[in-house]
Structures are given as C-alpha cells and as structure tokens.
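Structure record follows, encoded as structure tokens.
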Amino acid sequence: MEYEHDSGIMYIEQGYKGTIGLWKYWIIPSLFIAFMALNYVVMLMSPISIEDSMEQMIDMLGTHMVLIWLLLPLAFGLFVVLGWTKWVHAQSITSLTTSRKRIDWKRIGFAFLLWGGVTVVMTVVGVYLSPGDYVLNFKWVPFLVLALIGILLIPLQTSFEEYLFRGYMMQGIGIMARNRWVPLVVTSVLFGLMHLGNPEVEKLGYGIMIYYVGTGFFLGIVTLMDEGLELALGFHAANNLVGALLVTADWTAFQTDSIYRDVSDPTLGWDVLIPVLIIYPSLLFLFAKKYGWKNWKGRLVGKVLSKETYLAQNTTGVDL
C-alpha cells in the first residue's frame, strides 16, 4: 500500500529547483569515486604499509603539515560541489542543504554540541577505566596550532562529505530512482567504501567497514527524516574535530598533537557494533522526539514526486 506524501517530504525534490540535466549528477561523484579507487589501488600496491608511510611523512613534514595536506583537497572539494551546484545546476545552496526556507543553524549547533559532548564524556570514561591505554600528550603551542587548523579545515572536510553524499548524490540519485531507499542505500555504502584507504582498515581489517557503512546509514536516515543536512553537518563536524583534538594514535587517519595518545594494541571486536546497534539508534530516538519526526516508512523508503507533480503542487500552493 502506498504511503501518502506528507507536507514534510520535500528534501530530495529540492533538486528540481535547479536545471536538472541528470547527466550533470554523474560527473563530480564519478571523478571522486575514481580518485578514491585509484588511491586504494596505489595503497594495495605499495611495498610499505599506510602506517609506515604516514610515519615517514610526519618525520619529513611534521604532524601539522601532514594534517593540512590531508584536509586541503577535501576542503577544496566542498567549494567544487557548492560551485557546481550553483552555477552548473543553477540551484541555490539553501535548497541543496535543506527543505526549509533557510538553513537552520540551530540544528547544526545542537548536533555539534550534543555529539561533541558525548565524545568528550566517552573519552574521559575511557581514560578513567583504562589509564594504561592512554598517554597524556598535551603541549600548549602544538595543541593551539592543531586547534586552529582543525577549526578552519575539519568542518570544511566533513561538510564536503555531507554535501557530496547526503546532499548532491542523495538528491540526484533520488530524482533518478524516483524513490528514497535507493539513494539511502547507495550513498551509505559508497560513504563506507570511501574509507577503505584509511589506516584503520589496514590495522583492524575489513570488519571496521561495519562502522563506516553503519555511520553512512545513520547520517542518511537523519537527513531523510529531518529533510535536511543540518543535523548531519553538525554531527560529522563534531565527530572529526573533537576526536582530532582529544585522542590520536599511530594507526588512525588523523595523527595530531591531541590531548591524549592511544597506545593500546588495537583489536576489532564486538565493540564495533556498539555505535551501530546502540549509540546511533539512541541518537535517532532523541532527534525524533526533539524534532517530531513522523512517517518513518514514507520518508525512508517512499516515492519521490515527479518534477511535474512537484512544480504543479508548489505553483498552485497545494501542500506536498
């Protein structure tokens, strides 16, 4: 039985506000995926491990320069996606971001503060329960430089990933597939696969992909249920920025002058399921209560309006 298209289901249809040309949606994602695939192949063919390669780069350039080198291409990618949307699709950045009349910065701030606070608490608890796994790494000057780099570049990096996967690709694939579950699945899986080249995968094995793909599904569900990117933008920025400032390790993608260094021997266990099975569902429940989410089936697996129907209902003032 088909669901009724309620007045809140409009995010994917925001793509109709530009000059569609569905072929345009293939160019940036294809180039990015090709780049990531090439990077992964080079990694597999390399005679040295990612961890050793990172160590050599840090010895030559220092942690700050390596972090900048890692973040800058993705930060630049954000402006490519936004510029392509604005000038090639002739679509506003607001309609790429949200179905609301304007971007809800309070949502971004709430998600950032919520997940940033949870991350701080979990880190403090982890240090308290397993003090032998952590070494205090805090030094004022390197930390302040790290904070400056992180505050300037990490939100751009995370926003690029959100605008590319949960924004640009979500709208483009949704319009092509004319439903909501296909873009949810495709963008979530591709988001996970993007992390194949991370040193964490080399160190822990492919089982860690459960976490990456699961995070992709969590952020995709948040975007579709809330009909906008704001909560995903805030969560992702807090996850990477606060994490980079608090804890680092020799086997992680971001090796920084953080407050603590994790010196434990990493192992992949059932704890990889905790975020996917416990933390993310809890956050979805909290967001749903705060923002009054309804019609989960329709918003996650329902149909996307045709351009004609969308334009006709908006022109005549009929609620969607």
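The values are calculated or read from the model by the stated rules, or taken from the named source; none is laboratory data. Just so we're clear, the structure is a prediction, and the values are computed from it rather than from any experiment. Here the Cβ is made from the backbone with ideal geometry for all residues, glycine too, and neighbour counts use every protein chain on show. The protein model used for the area step is the full one, side chains on, heavy atoms only, and it has no ligands, DNA or RNA in it. Shrake-Rupley method; radii C 1.70, N 1.55, O 1.52, S 1.80 Å.
Let me know the shape class of the chain, please: from the alpha-carbon gyration tensor, a ≥ b ≥ c as square roots of the eigenvalues, rounded when a/c is under 1.5, otherwise prolate if a/b is greater than b/c, or oblate. Note, shape of the chain comes out prolate. Among the listed pairs 101/289; 17/290; 24/307, a Cα-Cα separation exceeding 27 Å is found for 17/290.
Taking packing as the residue-averaged number of other Cβ atoms within 10 angstrom, the listed peptides 25-31, 135-141 run from highest to lowest as 25-31, 135-141. With Cα atoms defining each centre, segment 259-318 and segment 171-187 are spaced 14 Å apart in the structure. Close amide H pairs (under 5 Å, H built 1.01 Å from N) link residue 260 with 137, 247, 248, residues at least 5 positions away or on another chain.
Estimated purely from DSSP H runs of n ≥ 4, each contributing -39500 (n - 2.57), the mean residue ellipticity at 222 nm for the chain is -20000 deg cm²/dmol once divided by its residues.
Computed with every protein chain present, the accessible area of residue 294 is close to 150 Å² [probe 1.4 Å].
Residues in segment 122-129 carry Karplus couplings, in order, of 5, 5, 4, 5, x, 5, 5, 7 Hz; the curve used is 6.51 cos²θ - 1.76 cosθ + 1.60 with θ = phi - 60°, and Gly or Pro positions show x. Would you work out if segment 34-166 is rounded, prolate or oblate? Take a ≥ b ≥ c from the square roots of the eigenvalues of the alpha-carbon gyration tensor; rounded if a/c is under 1.5, else prolate when a/b is larger than b/c, oblate otherwise. Judged from the Cα gyration tensor, segment 34-166 comes out oblate (a/c at least 1.5, b/c at or above a/b). Protection proxy ranking, highest mean first, for peptides 85-91, 182-188: 182-188, 85-91, where packing is the per-residue count of other beta-carbon atoms within 10 Å, averaged.
Annotation: amide H-H contacts under 5 Å for residue 305 (H modelled 1.01 Å from N, sequence separation of 5 or more, or interchain): none.
Which of rounded, prolate, oblate describes segment 197-251, given a ≥ b ≥ c as roots of the alpha-carbon gyration tensor eigenvalues and a/c under 1.5 marking rounded, otherwise prolate only if a/b is larger than b/c? Cα axes put segment 197-251 in the oblate bin. The longest stretch of the chain left intact once loop-based GluC sites (Glu not before Pro) with at most 14 other Cβ atoms within 10 Å are removed from consideration, loops following DSSP, is 5-320. Within straight-line reach of residue 297, meaning a Cα separation under 18 Å, sit the following aspartates and glutamates at least 8 residues removed in sequence or on another chain: 2, 4, 6, 13, 226, 227. If you line up the long axis of helix 63-83 against the longest principal axis of the chain, both from Cα atoms, how many degrees apart are they, to the nearest 10? The angle comes out near 10 degrees. Using C-alpha pairs below 8 Å separated by at least 6 residues, the relative contact order for the chain is 29 percent.
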